Every structure is written in C-alpha cells, then in structure tokens.
Amino acid sequence: MGENAILVINCGSSSVKFSLIQPETGLALLSGLAECLLTEQAKIKIKLNNEQYKETLPSPFDHQAALTVLVKHLHQFNLVNSISAVGHRVVHGGEKYAEPALISEDVESAIESLAKLAPLHNPANLIGIKACQKAFSDLSQVAIFDTAFHQTMPAKAFLYGLPYELYKEHGVRRYGFHGTSHYFVAKQAAQQLNKPLSQCNLISAHLGNGCSVTAIKNGESVDTSLGMTPVEGLMMGTRSGDVDAGIIFHLVEQLGYSVNDVDQLLNKKSGLLGVSQLSNDCRTLEEAMLNGDTQAELALTVFCYRIAKYIASFSASLTELDGLIFTGGIGENSSWVRAKVVEQLALLNFHLSEEENQKARFGKSGNIAASNSRNCWVIATNEEWVIAEQTHNLLSSTQPIKTEV
Ligand code: ADP
C-alpha cells in the first residue's frame with residue numbers, strides 16, 4: 001500500500017468528489033462521491049478494489065458530515081496513514097495564482113475574495129478546504145486552480161473589447177477553466193510525440209458537461225474558449241456559450257426577463273438542452289437522433305459546428321500544429337461528435353480513420369487520424385492525477401512529506 005498518497009477533493013455546492021491517488025502512478029486507491037448534500041437524501045458512495053460502499057449521511061447532511069463518514073471508512077480500510085496531504089481543486093485563481101498554492105489563511109482569503117469572479121464555485125471549494133482542515137488537521141492542504149494553466153495567455157487573448165479600467169480595476173478579463181484537464185492531455189500527447197511538452201503545439205477540446213477548446217503553443221496555453229465565467233465559448237450541456245450580448249438587452253427590455261432569469265437561461269436552460277428541448281446529455285441526444293428526433297440532431301449539429309469553428313479559429317494563435325486532442329465525457333466517447341467536428345476541419349488537414357474513431361471509446365485512447373491527416377488523439381483526462389502530482393511536487397519542494405507514524 002502506498003504511504004505517500006494524496007487525497008484529492010473536488011467540492012461543489014452540493015457534492016464532494018474525492019479520490020486517494022498515488023502521485024507517481026496516478027493509481028486510485030479509493031474514490032467516491034458524496035451527493036445531494038444539504039438535503040435529507042444526502043448520501044456517499046465509496047469505491048475500493050472494485051467494491052462499492054453506499055451510505056446515507058447523518059444530519060446536518062453537509063460537507064463535514066460527508067468527510068466524517070469518509071474518514072471513518074479510511075480508518076476501516078486502513079488507509080489513513082497512507083495519506084500524505086490533501087489537494088483541492090479550486091475553480092478560480094484569478095491573476096494571483098498561476099501555480100498551485102499551499103493553503104494558508106492568506107490563500108483562503110484570496111480564494112474568498114476571488115469568489116466575486118466565481119460565486120458558485122469558490123465558496124463551495126472553501127467549504128471543502130475548511131471541512132478537510134477539521135477532518136485532517138495534521139495534513140498540509142494544497143489548492144490547484146482550474147484557471148492556472150491559462151495564465152500564460154497573452155493580453156491580446158485575455159482582454160475583452162471593453163473599457164480598459166474594467167480590467168484594471170475589477171479584473172474583468174478572460175481567465176479560462178478546465179486548465180488541469182488541458183494540461184494533462186497535452187502532457188499525454190507530448191509523450192505520444194516523444195518530445196518535451198515545451199516543444200509541442202496542440203489544440204485540445206475538453207467536451208463534457210462544460211466544454212472548452214485550448215490552443216497550446218510550446219506547451220503553454222495561449223488562448224482558450226472559456227472566459228471570465230464558464231458561459232463563454234462553446235455551446236455546452238446547459239450553457240449557451242457565445243451569444244450576442246445585445247440579446248440580453250432584448251430579453252430584459254422586450255421580453256421582461258429579470259437578471260436572475262437571464263442568468264438561469266444562459267447557464268441552465270440553454271446549450272444542448274435548450275436547442276434540443278430534450279436533454280443536456282449527449283448520449284441521450286445521440287440515441288434520440290438515431291430514432292429520428294430532428295431537434296436532437298439540430299442541437300448536436302450546432303454543438304459540433306461551434307467546436308470546429310473554435311478549433312479552426314485557434315489556427316490564428318499558433319504557427320505550428322502537432323495535433324488535435326479530444327477529451328472529456330463526450331470527447332472520449334462520442335465517435336459521432338468527433339467525426340462531425342473533424343469533417344469540418346479538412347482545410348486544416350484533419351481527417352479521421354473511421355475504424356480507429358469507432359474503436360476509441362469507453363476508456364480506450366488512441367490516435368484516430370487517417371494516414372493522410374495531422375495527429376488526432378482521443379485521450380482520457382485525469383484531473384485528479386494532476387492535482388495529486390502537483391500537490392506532491394509542491395510539498396516535496398517546500399517541506400518533507402509526512403512519513404509513516
Ligand atoms: P463533467 O463535465 O460533469 O465531468 P463528463 O466529462 O463526464 O462531465 O461528460 C458528460 C457528457 O459525456 C454527457 O453529455 C454524456 O452524455 C457524455 N457521454 C458519456 N458517455 C458517452 C457516450 N458513450 N456517447 C456519447 N456521449 C457520452
């Protein structure tokens with residue numbers, strides 16, 4: 001059993017995802033999810049050695065209750081002593097964090113003040129941090145920011161065409177998200193290319209419930225489709241992606257929407273769900289399309305066209321291109337979406353092998369490019385591994401890792 005594992009925590013407003021990862025190999029010793037928190041249906045599922053343990057959570061059904069049950073199981077499974085530190089996914093690090101940070105009072109205050117840029121996410125991440133400080137008081141905690149990888153974007157990519165003081169005084173700029181995922185798959189592609197990441201030029205498409213495309217030049221993010229908030233860019237499960245900002249005035253002035261209505265519309269009722277009028281779930285829509293649902297087909301077609309358009313637009317950010325990467329639940333599994341996207345990228349010399357594209361699903365990664373094409377990989381993302389690795393690396397460089405007690 002590893003004595004140097006990192007407990008990775010991804011805390012949302014009503015859920016906590018956790019896994020215990022060996023940082024050198026990415027092996028998950030244990031993983032699980034607490035969900036429906038703050039309701040009486042709160043429950044926890046823990047997976048260990050292919051067995052699943054389920055339990056309802058006691059009152060007050062909160063994040064702390066979930067972590068208390070997790071700690072109980074970690075003791076039962078004899079895993080507590082193998083945890084050397086806790087790594088937290090934190091959504092918004094603003095301009096302050098281009099690197100992981102050892103959590104201190106100052107870092108907590110910074111995460112709190114950045115909540116104005118990520119009001120749904122940063123407060124939830126802080127709840128997780130505080131709950132872990134109680135549950136694992138002797139362990140160091142590290143924050144890994146979803147925005148950090150994109151801090152290399154130049155001003156021409158991160159500025160909006162808005163008055164400059166909004167950026168200078170209020171931080172209104174593009175930050176991007178999914179950074180750990182884009183970084184992980186880029187590193188994997190570098191291995192495929194057999195050269196250092198710092199010499200790789202890539203475009204990665206992370207397609208899950210949230211979606212983004214990133215241009216990576218010499219191993220660094222130089223542009224990405226998500227902006228100051230997770231609404232910009234691609235069409236997503238329930239988010240609209242780019243819309244004409246003038247539509248908001250139309251909704252408010254002509255159609256009587258409140259600010260909250262607009263927020264709900266753009267974040268929760270749009271995207272695949274809004275266009276299909278059926279579901280936000282790609283798999284459900286593909287099934288419906290195969291059964292003749294033309295609205296589902298329309299939603300998927302708009303979705304794919306926008307992905308292709310973003311990928312093609314990033315040719316303006318790069319001078320060379322080693323290949324394209326698909327990742328995330330849709331990118332890793334939907335051969336239909338990949339085929340539809342790549343079909344529209346012939347001008348960039350992308351063509352798929354139909355056979356390889358069909359094979360690369362359900363955890364099977366690979367290069368799905370035809371022989372006359374640039375590289376096109378399907379790579380399963382592993383954000384937890386990046387969080388474990390970066391937590392481990394930060395602590396190894398600043399202090400000795402806790403040894404067995
Ligand atoms: P999250 O962003 O919440 O982590 P995921 O990365 O798990 O989400 O992606 C969820 C999306 O992946 C859903 O739209 C789901 O339908 C889609 N997906 C998962 N498996 C398949 C599949 N076999 N075919 C098509 N889409 C799939």
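Every number here is computed from the coordinates shown, using simple stated rules; none is lab data. The model shown is predicted, which means the values in this text are computed figures rather than measured ones. Note that each Cβ is placed from the backbone with ideal geometry, even for glycine, and that neighbours are counted across all protein chains shown.
Over all other residues within a Cβ to Cβ distance under 14 Å of Gln41, the charged ones net out to -1, with Lys and Arg as +1 and Asp and Glu as -1. The label-point distance for Glu343 and Glu3, in a model that sets each label 7 Å from Cα toward Cβ, rounds to 5.7 nm.
Summarising the amide proton neighbourhood of Ser14: residues at separation of 5 or more, or on other chains, whose placed amide H is nearer than 5 Å comprise an empty set.
Taking other C-beta atoms within 10 Å as the exposure proxy, Asp62, Asp223, Asp242 rank Asp242, Asp62, Asp223 from fewest upward. Per residue of the chain, the DSSP helices (runs of n ≥ 4 H) give a summed -39500 (n - 2.57) that works out to -11000 deg cm²/dmol at 222 nm. Listed by chain and number, the lysines placed with their C-alpha closer than 18 angstrom to that of Lys309 are Lys340; residues fewer than eight positions away on the same chain are left out. Relative to the Cα centre, the charge distribution of the chain, modelled as +1 at Lys and Arg Cβ and -1 at Asp and Glu Cβ, gives a dipole magnitude of about 300 debye. What FRET efficiency comes out for the pair Glu297/Gln41, r = Cβ-Cβ distance, R0 = 30 Å, nearest 0.05? Plugging the Cβ-Cβ distance into 1/(1 + (r/R0)^6) gives 0.30. Cβ crowding within 10 Å, taken as a proxy for footprinting-reagent exposure, orders Trp336, Trp385 from fewest neighbours to most as Trp336, Trp385.
Can you return the aspartates and glutamates within cross-link range of Lys168? Criterion is Cα-Cα under 17 Å, with same-chain partners fewer than 8 residues away left out. In chain and number order, the partners are Glu95. Summarising the label geometry, the points placed 7 Å from Cα in the beta-carbon direction at Leu102 and Asn49 lie 3.6 nm from one another. Counting neighbouring beta carbons within 10 Å and listing from fewest to most, the residues Met228, Met153 come out as Met228, Met153.
Among the GluC sites (Glu not before Pro) in region 42-148, those placed in a DSSP loop whose Cβ has at most 15 other Cβ atoms within 10 Å are Glu95.
Using 0.36 nm per residue and subtracting the Cα-Cα separation, the extra length available between Thr152 and Thr56 on full extension is 30.2 nm. Multiplying the residue separation of Leu166 and Ser15 by 0.36 nm and subtracting their alpha-carbon distance yields 51.0 nm.
Remark: for residue pairs Lys130/Lys187; Lys217/Lys268; Lys45/Lys134; Lys43/Lys116; Lys96/Lys187, the C-alpha separation exceeds 26 Å in Lys130/Lys187; Lys217/Lys268; Lys43/Lys116. Sorting the segments 20-31, 204-215, 163-174, 181-192 by their mean number of nearby beta carbons within 10 angstrom, highest to lowest, gives 204-215, 181-192, 20-31, 163-174.
Ranking Leu290, Leu395, Leu272 by how far each Cα lies toward the positive end of the dipole of the chain (charges on Cβ) leaves Leu290 at the top. Taking Cβ atoms as reference points and 15 Å as the exclusive limit, the residues near Ile387 contribute a net charge of -3, counting Lys and Arg as +1 and Asp and Glu as -1. For the pair Gln358 and Asn78, the difference between a 0.36 nm per residue extended length and the Cα-Cα distance amounts to 96.6 nm.
Treating r as the C-beta distance of Gln254 and Leu159 and R0 as 41 Å, the FRET efficiency rounds to 0.85.
Rounded to the nearest whole Hz, the Karplus-based 3J(HN,Hα) values (6.51 cos²θ - 1.76 cosθ + 1.60, θ = phi - 60°) of region 143-148 follow the sequence 9, 10, 9, 5, 8, 4, with x at glycine and proline. Across q = 0.10, 0.11, 0.14 Å⁻¹, the chain modelled as identical point scatterers on its alpha-carbon atoms has Debye log10 I(q)/I(0) values of -0.71, -0.86, -1.38, in the order of the q list. What the Kirkwood sum gives for region 47-178 is a hydrodynamic radius of 16.8 Å, with every pair of different alpha carbons counted. Computed across region 297-358, the Kirkwood radius stands at 12.2 Å (inverse of mean 1/r, all Cα pairs).
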